[in-house]
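Asker: Have a look at this one before I ask anything.
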Amino acid sequence: VTGRAHGCIFLLTDYGQIDEFVGVTKAVLARLAPGASLIDISHEVPAFDVRAGALTLERSAPHLGPGVIVGVVDPGVATARRPIALETRSDNGPRHLVGPDNGLLMRAVERLGGLKKAVVLARAAVPGADAQSTFDGRDLFAPAAAALWSGTDLDELGEPIDRDSLVELEAPALVVGRGRIESEVLWIDRFGNVQLSAGPDDIDRAGLTGALRLTVTRDSAPVEIRRVKAFAELNEQEVGLIVDANGHLALVGNGSSAALTLGLAPRRRVILGAMP
Amino acid sequence: VTGRAHGCIFLLTDYGQIDEFVGVTKAVLARLAPGASLIDISHEVPAFDVRAGALTLERSAPHLGPGVIVGVVDPGVATARRPIALETRSDNGPRHLVGPDNGLLMRAVERLGGLKKAVVLARAAVPGADAQSTFDGRDLFAPAAAALWSGTDLDELGEPIDRDSLVELEAPALVVGRGRIESEVLWIDRFGNVQLSAGPDDIDRAGLTGALRLTVTRDSAPVEIRRVKAFAELNEQEVGLIVDANGHLALVGNGSSAALTLGLAPRRRVILGAMP
Amino acid sequence: VTGRAHGCIFLLTDYGQIDEFVGVTKAVLARLAPGASLIDISHEVPAFDVRAGALTLERSAPHLGPGVIVGVVDPGVATARRPIALETRSDNGPRHLVGPDNGLLMRAVERLGGLKKAVVLARAAVPGADAQSTFDGRDLFAPAAAALWSGTDLDELGEPIDRDSLVELEAPALVVGRGRIESEVLWIDRFGNVQLSAGPDDIDRAGLTGALRLTVTRDSAPVEIRRVKAFAELNEQEVGLIVDANGHLALVGNGSSAALTLGLAPRRRVILGAMP
């Protein structure tokens with residue numbers, strides 16, 4: 001042990017909140033890292049949806065402050081997929097992340113200054129880990145996070161591995177052409193706001209000025225959308241385009257769900273172009 | 001800074017628990033107010049339902065103890081609606097509340113001894129606030145709450161405003177006449193209990209004694225209801241009237257939902273009268 | 001007061017997370033037991049389902065560490081059912097449990113080394129309790145838990161009662177015969193995994209070796225199931241049998257819900273036998 005207790009332990013899982021999975025994982029953390037603040041990012045990632053979890057962690061990372069992230073969306077639990085711990089180059093955000101090697105953690109790592117070191121967790125090397133268990137969130141990742149929070153060096157928890165060997169998810173689709181942006185729906189939030197993979201700079205890169213038109217499918221008629229700064233600038237049932245609080249373009253309504261109005265879901269493609 | 005860290009920070013929002021909105025807001029609080037206990041009142045206020053949020057805060061206020069309340073149900077975010085911080089006269093409950101000036105906080109303030117001071121939050125004056133952001137919960141209200149929890153004077157966070165300028169919600173309907181109480185449904189809880197705007201004193205004021213009859217609509221036949229002290233005094237599917245844990249009259253069942261039995265929802269009106 | 005502040009306070013209720021019930025209960029705990037870590041086991045126990053709550057507490061108990069458990073699934077609130085506090089013989093798990101005398105707490109007590117002492121809570125003896133209230137979670141159990149966490153002796157909170165007088169739930173069904181195990185469905189988790197009352201030793205006791213067949217009802221054809229160690233060993237839509245993270249046998253799928261595939265729900269019976 002070379003460091004000292006520092007920051008919070010942040011949790012993101014697909015465990016839901018009906019079963020006791022989150023509770024017992026937090027109980028292990030409270031026992032092995034007494035005094036740590038435990039902050040739930042979300043436990044309602046759709047079951048097994050690694051991509052949705054990775055995007056949620058990426059959006060959250062810049063706002064978390066110092067500490068350790070435990071991420072568990074893990075369809076490969078109890079298979080040969082590697083349990084990993086990562087160290088970032090962040091000065092003021094989470095220094096460590098713990099979870100499965102399936103891409104879940106990597107987009108957040110990029111937001112946290114990039115990767116400094118990575119290890120495969122060795123069950124025998126993690127204090128409090130249970131070598132027989134198949135519940136890695138409770139019995140491996142939580143103990144590893146508690147050790148890191150308490151100041152244990154990453155190297156003490158397993159063997160180093162190469163950056164290139166880590167599993168990465170495919171990047172979200174985004175094609176910016178002259179007068180045309182083809183973009184993927186990343187996320188639909190509780191209010192029906194539709195976050196796109198495109199950002200405000202992409203509008204400039206595409207040379208789009210003035211009113212925009214949005215095409216949702218090849219068959220549907222394009223819709224005119226206005227760029228606005230506040231939901232309240234929109235009329236009822238109108239869909240507008242804002243820069244959201246994460247710096248992405250988002251399709252939004254004013255007290256109505258843009259996702260419902262447009263019939264959109266995550267991973268769908270939309271095209272932004274100029275009004276004729 | 002004139003005070004010192006004190007009590008909890010209590011959160012009430014309509015953010016839901018699927019997205020990371022609550023998590024990043026709490027992460028900001030944990031970073032700016034290290035050591036504060038963060039207590040979730042509820043994050044499942046129906047989206048944009050300021051009235052439901054205000055009633056939930058009002059019910060909760062007397063039980064919270066010292067600290068700061070962050071309340072965010074905010075359909076007007078990113079418009080001219082004012083972000084405010086309030087100081088109450090409470091000795092043993094929350095001293096400060098932070099949120100939008102849309103009536104959300106005012107009923108709780110009355111339960112906390114009334115208003116002592118109010119300010120409009122100045123983004124530039126709140127340490128850690130983000131002047132560009134449209135996510136006020138994370139980037140304005142949480143930093144303001146952290147500052148107040150840490151002992152910053154209300155005056156340091158913005159310009160004072162008059163009590164009379166603060167937005168108030170319409171009071172729930174309640175008309176007490178001779179032998180007749182017309183009352184509004186304030187809240188239906190998870191168990192289907194139906195809280196009314198009337199209290200037990202209103203029964204005395206109306207001169208009602210003995211068995212009561214309840215009329216839900218003009219068209220439906222009145223139902224006889226008994227006043228009881230415990231759910232268990234009721235027969236299966238019977239609806240009774242109790243004084244609930246918040247001091248209101250409530251229509252309840254015994255292991256069944258009174259709301260379902262009677263077909264009631266928030267804001268509906270019911271009439272209590274005497275059995276003929 | 002003879003002890004000192006120790007461990008966490010763990011909460012399990014059927015309050016849900018839409019209303020403020022959990023929030024105000026935790027606010028009372030934070031006020032009366034400042035510094036205690038409050039860990040939610042679950043608040044989504046089906047309303048009034050004492051058995052589901054008792055099984056959840058039993059599964060959680062071995063993983064919780066030192067502290068006090070507050071359990072509230074309480075269809076008999078405000079009746080003559082007794083409010084109780086229990087002391088366990090556990091060295092490294094929760095020492096105390098507080099809740100209604102309806103069987104909710106007893107299975108967890110057995111997992112925590114068995115019962116050492118029990119008292120009926122006397123409202124007048126519990127600091128901070130409200131004698132008039134019908135919201136026992138907030139106004140009796142939380143104050144009692146705070147007192148125990150702070151080191152108050154169990155004896156100071158009420159009169160001792162006999163072990164034999166405590167309400168117990170019926171044990172889950174399990175009949176192990178020669179080549180046949182009749183078992184009850186205890187729990188279906190978020191991923192559709194079906195936990196059985198049987199454990200791996202029961203397979204040996206029944207003399208079952210090799211492939212197993214599962215019969216769900218008298219009318220349905222038996223299904224062959226393989227014993228596996230990881231979900232990933234199964235084909236799509238195949239159901240397998242694992243030893244779950246709580247040491248029970250469980251029917252599971254690979255990215256699919258075994259409960260949906262088999263049409264199972266809690267309390268249903270299934271029969272495990274040998275393939276002919």
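The values are calculated or read from the model by the stated rules, or taken from the named source; none is laboratory data. Quantities reported herein were computed from a predicted structural model and do not represent experimental measurements. Cβ atoms come from the backbone with ideal geometry, glycine included; neighbour counts cover every protein chain shown. SASA here: full protein model, heavy atoms, side chains in, ligands and nucleic acids out. Shrake-Rupley method; radii C 1.70, N 1.55, O 1.52, S 1.80 Å.
Asker: I'd like the mean, over residues of A:38-46, of how many other protein chain beta carbons sit within 10 Å of each residue's own Cβ. Don't skip to the answer; put the middle values down first.
Answerer: Values: counts 5, 10, 8, 8, 9, 4, 5, 2, 1.
Mean number of neighbouring Cβ atoms from other chains: 6.
Asker: Still on this structure, I have one more. Using only DSSP helix segments of four residues or longer, with each worth -39500 (n - 2.57), what per-residue ellipticity at 222 nm results for chain B after dividing by its residue count and rounding to 500? Working shown, then result.
Answerer: Details: 6 runs with 48 residues, N = 276.
When only DSSP H runs of four or more count, the value is -4500 deg cm²/dmol.
Asker: Of A:Gly207, A:Gly128, A:Phe141, whose Cα points farthest to the positive end of the dipole of chain A (charges on the beta-carbon: +1 Lys, Arg; -1 Asp, Glu; origin at the Cα centre)?
Answerer: A:Gly207
Asker: Could you pull out every residue, at least 5 positions away or on a different chain, whose amide H is within less than 5 Å of the one on C:Arg95? Hs are placed 1.01 Å off N in the peptide plane, and Pro or chain starts have none.
Answerer: Long-range HN contacts for C:Arg95: C:Gly67.
Asker: Leaving out ligands, DNA and RNA, calculate the buried accessible area for the pair C and A with a 1.4 Å probe, summed over both sides, in Å² to the nearest 100.
Answerer: On the way: alone 13260 and 13270 Å², together 24410 Å².
Between C and A, the summed buried area is about 2100 Å².
Asker: Taking the rotation axis that maps chain C onto chain A, which residue of C brings its Cβ closest to that axis, and at what distance in whole Å?
Answerer: So the closest residue, with its distance, comes out as C:Gln17, 4.
Asker: Kindly report the accessible area of chain A per residue (heavy atoms of protein chains, probe 1.4 Å, no ligands, DNA or RNA), in Å².
Answerer: On the way: 11160 Å² over 276 residues.
Per residue, chain A has an accessible area of 40 Å².
Asker: Here's something else I'd like to know. Give the long-range amide H neighbours of C:Arg81: residues separated by 5 or more places, or on another chain, with amide H under 5 Å away, using H modelled in the peptide plane at 1.01 Å from N.
Answerer: Residues meeting the amide H criterion: none.
Asker: For the pair B:Ala211 and C:Arg226, how long in nm is the line joining their label points, each one 7 Å along Cα→Cβ?
Answerer: Computed distance between label sites B:Ala211 and C:Arg226 equals 6.8 nm.
Asker: Give me the distance in nm between label points sitting 7 Å out from Cα along the Cα-to-Cβ direction at C:Ala131 and A:Ala173, one decimal.
Answerer: For C:Ala131 paired with A:Ala173, the spin-label model returns 7.1 nm.
Asker: Still on this structure, please answer the following. Can you list the residues, at least 5 places off or on another chain, whose amide H is less than 5 Å from the amide H of A:Ala198, using H built in the peptide plane?
Answerer: Amide H to amide H, under 5 Å and 5 or more residues apart or across chains, A:Ala198 pairs with A:Glu184, A:Leu249.
Asker: Taking only Cα atoms and a 10 Å spring cutoff, compute GNM fluctuations for chain B and point out the largest among B:Arg218, B:Arg59, B:Arg51.
Answerer: So, out of B:Arg218, B:Arg59, B:Arg51, the one fluctuating most is B:Arg218.
Asker: Put a point 7 Å out from Cα along the line to Cβ at B:Val175; what are the distances to that point in the other copies, in nm, shortest first?
Answerer: 6.5, 6.5
Asker: So which of C:Lys26/C:Lys116; A:Lys26/C:Lys116; A:Lys26/C:Lys26 end up more than 25 Å apart, counting from Cα to Cα?
Answerer: On the way: C:Lys26/C:Lys116 27 Å; A:Lys26/C:Lys116 27 Å; A:Lys26/C:Lys26 16 Å.
In this structure, C:Lys26/C:Lys116; A:Lys26/C:Lys116 lie more than 25 Å apart at Cα.
Asker: Note down the magnitude of the dipole of the protein assembly as shown about its Cα centre, charges +1 on Lys and Arg C-beta and -1 on Asp and Glu C-beta and zero elsewhere, to the nearest 20 debye.
Answerer: Working: 84 positive and 105 negative charges, 16 e Å.
Once rounded to the nearest 20, the dipole reads 80 debye.
Asker: Roughly how many nanometres apart are two label points built 7 Å out from the Cα toward the Cβ at A:Glu156 and A:Ala122?
Answerer: With each label point 7 Å from Cα toward Cβ, the separation is 1.4 nm.
Asker: Also, I was wondering about something else. Given Cβ point charges of +1 (Lys, Arg) and -1 (Asp, Glu) and nothing else, what value in debye, to the nearest 20, does the dipole of region C:1-149 about its Cα centre take? Let's see the in-between values first.
Answerer: Details: 15 positive and 15 negative charges, 115 e Å.
My answer is approximately 560 debye.
Asker: Let me ask something else. Give me P(r) over region C:66-185, computed from all C-alpha to C-alpha distances, binned every 5 Å, as integer percentages.
Answerer: 2, 11, 22, 22, 17, 10, 6, 4, 3, 2, 1, 0
Asker: Given R₀ = 25 Å, FRET efficiency for C:Ala47-A:Gln237 by Cβ-Cβ distance, to 0.05? Each step should come with its number before you reach the end.
Answerer: Details: r = 37 Å, r/R0 = 1.48.
Result of the calculation: an efficiency of 0.10.
Asker: Between copies, how close do the B:Arg89 label points come, placed 7 Å along Cα→Cβ, listed in nm from shortest?
Answerer: 5.8, 5.8
Asker: Highest mean first, what order results for B:167-178, C:81-92 on Cβ atoms within 10 Å? Spell out each step's value before the answer.
Answerer: Details: B:167-178: 13.5, C:81-92: 19.7.
Top of the packing list down: C:81-92, B:167-178.
Asker: Turning to a different aspect of this structure: Please name whichever of C:Ile39, C:Val50, C:Pro66 sits farthest to the positive end of the charge dipole of region C:6-100, dipole taken about the Cα centre and charges placed at Cβ: Lys and Arg +1, Asp and Glu -1.
Answerer: After comparing all options, I get C:Pro66.
Asker: To continue, here is another question. What are the label-to-label distances in nm, one decimal and shortest first, from A:Pro34 to the same spot in the other copies, with labels 7 Å along Cα to Cβ?
Answerer: List, nearest first: 2.0, 2.0 nm.
Asker: Further, regarding this structure: In whole angstrom, note down how far apart the Cα centers of region A:18-95 and region C:107-127 are.
Answerer: 35 Å
Asker: Quick one: 3J(HN,Hα) in Hz for region C:209-222, Karplus 6.51/-1.76/1.60 with θ = phi - 60°, rounded, Gly and Pro as x.
Answerer: 10, x, 5, 10, 10, 10, 10, 8, 9, 4, 8, 8, 5, x
Asker: Carbon and sulfur: what percent of chain A's accessible surface (1.4 Å probe)?
Answerer: Working: 5430 of 11160 Å².
Whole-percent figure for carbon plus sulfur exposure: 49.
Asker: Next question, about the same structure. Counting partner chain Cβ atoms within 10 Å of every residue's Cβ in A:190-198, what's the average?
Answerer: Numbers: counts 9, 8, 1, 1, 0, 0, 0, 0, 0.
The mean count of partner-chain Cβ atoms within 10 Å per residue comes to 2.
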